[in-house]
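*Asks:* The structure's right below; bear with me while I get my questions together.
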Amino acid sequence: MAENKTVDKEKYLDEIEDSIRTIGVLTSGGDAPGMNAAIRAVVRRALAKGLKVRGIRRGYHGLLKEEIIDMSARDVSDIIERGGTVLQTARCKTMRTEEGQQKAAAICKKYGIDGLVVIGGDGSFAGAQKLANLGVNTIGIPGTIDLDIACTDYTIGFDTAVNTAMEAIDKVRDTSTSHERCSVIEVMGRDAGYLALWCGIANGAEKILMPEEKDYDEKALIKDILENKKRGKKNYIIINAEGVGDSINMAKRIEDATGIETRATILGHMQRGGSPTCKDRVYASTMGAIAVDLLCKGKTNRVVGYKNGQFIDFDIEEALAMKKTIPAYQYDVAKTLAL
């Protein structure tokens, strides 16, 4: 039995000899809880297939600086429950230039990296696409708390971030009720309103402000706050998306117009941290394993996604061209429940 396994493994390695022998993995852009689970899955899946794995520290910035290390199964022990990324991350303007892209591809070849797994958002995928065009087999995994990647219904970190924000907002509501205040609570999300929408529904907010709405009617908002006060409501929670912003000044304007004490709370980067939820651990692990499998099948320039209950993969160019919109029905539900 042991002999058969050895023969099978040698046959498999012969089949991929001209394609993938060493896989690199990096995390790029903003960190997200669950990235470590994806890194762990890439390393262990690749090692199980008899491949070498090299970790690249600090994303594309580290790749250009040749911050490259060999990774073993022990290197990824006890990281699945940790937030952030053990490989660290950074943003890299040089990777947007043709010179930077060519240098990155040359460094991959120098270190024998014939397959690269990039965990990050749209900007990270754009870099992966350029490397694929330069002969480096690349697979992207969506890692962002913003949930703003159009090709997928799930991105690593969103579930943890939205639960972190939800718990924080529950606590703010407690003190807001005690003091009969209005609270403007700003959540992250960059130019997308998914965190705001989900928190708005989960926390029973009276108003959700999202960048997808373009402009909001502040006079109508102030009128609604006053009407709620007349009905005896002891708090008023406004969930404000980062893409709308201006929470501190908004709170001042509301207080001046209503006479109701109004406080702004900006949750900020606490939403990026913390131990990932079960969903982020399981889905990130699955995506990491799929990325390795795709490389071993000779695939390149692909993004792993999750659609309609299935893990699938897309061409990076196709994925980057897709547009994502807030589900109208879901937002309608949020407005109805706030009445």
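The values are calculated or read from the model by the stated rules, or taken from the named source; none is laboratory data. From a predicted model like this one, the values you see are computed outputs, not experimental measurements. All Cβ positions, glycine included, derive from the backbone under ideal geometry; neighbour counts span all protein chains shown. Quick note on the areas: whole protein, heavy atoms, side chains included, nothing else; ligands and nucleic acids left out. Shrake-Rupley method; radii C 1.70, N 1.55, O 1.52, S 1.80 Å.
*Asks:* What are the residues in region 93-122 that are in contact with a Gly (Cβ under 6 Å, 6 or more places away or on another chain) and open to solvent by less than 60 Å² (accessible area, probe 1.4 Å), if any? Outline the logic, then answer.
*Replies:* Taking region 93-122 and keeping what is in contact with a Gly (Cβ under 6 Å, 6 or more places away or on another chain), we get 94-95, 113, 116, 118-121.
Within region 93-122, MET95, ILE113, LEU116, VAL118, ILE119, GLY120, GLY121 qualify.
*Asks:* Let me ask you something else. Scan region 76-99 and report the pairs whose first residue is in contact (Cβ under 8 Å) with a residue 60 or more places away in the chain and closer than 16 Å to ARG272 by Cβ and whose second residue is of a type in the set (Asp, Glu) and surrounded by 18 or more Cβ atoms within 10 Å (Cβ to Cβ), with Cβ atoms within less than 9 Å and a gap of 6+ or a chain change.
*Replies:* GLY83/ASP31; GLY84/ASP31; GLN88/ASP31; THR89/ASP31
*Asks:* I'd like the full set of residues that are of a type outside the set (A, V, I, L, M, F, W, C), surrounded by fewer than 24 Cβ atoms within 10 Å (Cβ to Cβ) and within 15 Å of VAL333 (Cα to Cα), limited to region 188-207.
*Replies:* So the first thing to find is which residues in region 188-207 are of a type outside the set (A, V, I, L, M, F, W, C), and the list is 189-191, 193-194, 200, 203-204, 206-207.
If we keep only those that are surrounded by fewer than 24 Cβ atoms within 10 Å (Cβ to Cβ) as well, we get 190-191, 203-204, 206-207.
Correct list: ASN203, GLY204, GLU206, LYS207.
*Asks:* Here's a follow-up. Which of the residues that make up region 322-339 are in a loop (DSSP other than H, G, I, E, B) and open to solvent by less than 80 Å² (accessible area, probe 1.4 Å)? So that I can check it myself, show each step before the final result.
*Replies:* Filtering region 322-339 for residues in a loop (DSSP other than H, G, I, E, B) gives 322-327, 338-339.
Answer for region 322-339, where residues must be in a loop (DSSP other than H, G, I, E, B) and open to solvent by less than 80 Å² (accessible area, probe 1.4 Å): MET322, LYS324, ILE326, PRO327, ALA338.
*Asks:* Anything in region 156-171 that is buried (at least 20 other Cβ atoms within 10 Å of the Cβ) and farther than 18 Å from SER275 by Cβ? List them, or say none. Don't jump to the end; show me each part of the working.
*Replies:* Residues of region 156-171 buried (at least 20 other Cβ atoms within 10 Å of the Cβ): 156-165, 169.
Answer for region 156-171, where residues must be buried (at least 20 other Cβ atoms within 10 Å of the Cβ) and farther than 18 Å from SER275 by Cβ: just ILE169.
*Asks:* Hey, which of the helices (runs of 4 or more DSSP H) in region 242-321, taking only ones fully inside, have at least 3 residues that are among the β-branched types (Val, Ile, Thr) and over 17 Å from the mean Cα position of the chain (by Cα)? Full working, then the answer.
*Replies:* Working: elements: 247-258, 278-296, 316-321.
Those helices (runs of 4 or more DSSP H) span 247-258.
*Asks:* Taking region 270-281, which residues are touching a residue at least 24 places away in the same chain (Cβ under 8 Å) and of a type outside the set (S, T, N, Q)?
*Replies:* Of region 270-281, the ones touching a residue at least 24 places away in the same chain (Cβ under 8 Å) are 270-277, 279-281.
Listed by number, the residues that qualify are MET270, ARG272, GLY273, GLY274, PRO276, LYS279, ASP280, ARG281.
*Asks:* So, one more: Does at least one position in region 288-307 carry a residue that is surrounded by fewer than 21 Cβ atoms within 10 Å (Cβ to Cβ), in contact with a Cys (Cβ under 9 Å, 6 or more places away or on another chain) and more than 26 Å from GLU186 (Cβ to Cβ)?
*Replies:* So far as region 288-307 goes, yes, one or more of its residues are surrounded by fewer than 21 Cβ atoms within 10 Å (Cβ to Cβ), in contact with a Cys (Cβ under 9 Å, 6 or more places away or on another chain) and more than 26 Å from GLU186 (Cβ to Cβ).
*Asks:* I need the full set of residues from region 231-287 which are touching a strand residue (DSSP E or B) at 6+ places or on another chain (Cβ under 8 Å), open to solvent by 80 Å² or more (accessible area, probe 1.4 Å) and of a type in the set (A, V, I, L, M, F, W, C), in order please.
*Replies:* ILE248, ILE266
*Asks:* For a quick check of your reading of the model, give me the residue pairs whose first member lies in region 313-339 and is closer than 26 Å to VAL292 by Cβ, whose second is in a loop (DSSP other than H, G, I, E, B) and at pLDDT 80 or above, with beta-carbon atoms closer than 6 Å and at least 6 apart or on different chains.
*Replies:* PHE314/CYS151; ILE316/ASN301; ALA319/CYS151; MET322/ALA150; MET322/CYS151
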